[in-house]
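Have a look at the structure below before the remarks.
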Amino acid sequence: MKKGFSIISQVFIFLVLTVLTQIGGVAYIISLAINRIIHGGFRGKQLLLFISIYLLFTFVVNPLLAPLFGREPVNNNNGIQPTNYLTILLNRNYVKPEIRHKNYVTFTRT
């Protein structure tokens, strides 16, 4: 029963992170796998692993993979920019190139 609850809670965490951030679920699964490989350690090791892997994905892997899926990061200018830093941390600052170019042209004319 305890193991079943653990699996259900991990699946729930995976789904919530995936819905919110698109890559959070993958980072969570990788952090679980690494945590099982590395025995011992300290309290909060899994959380530190997750945060490290998530930030690595957000600032290194995601910018490299986004063009393969037809996305580009939003340019910060007067017309269009991410709402706040949470937008960037949740990876919600990627748009299709047509939208990015259209908004740039629109805002540079005014």
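Taken together, the values in this text are just the output of simple stated rules run on the coordinates, not laboratory data. Keep in mind the model is a prediction, meaning the values are calculated, not measured. Note that we place each Cβ from the backbone using ideal geometry, even for glycine, and neighbour counts take in every protein chain shown.
Distance from a point 7 Å along Cα→Cβ of residue 90 to each backbone N in the range 21-41: keep the residues under 13 Å and list them by number. Within reach of a label on residue 90: 21-24.
Using the average count of surrounding beta-carbon atoms within 10 Å as a protection proxy, the listed peptides 14-27, 53-66 rank, highest first, as 14-27, 53-66.
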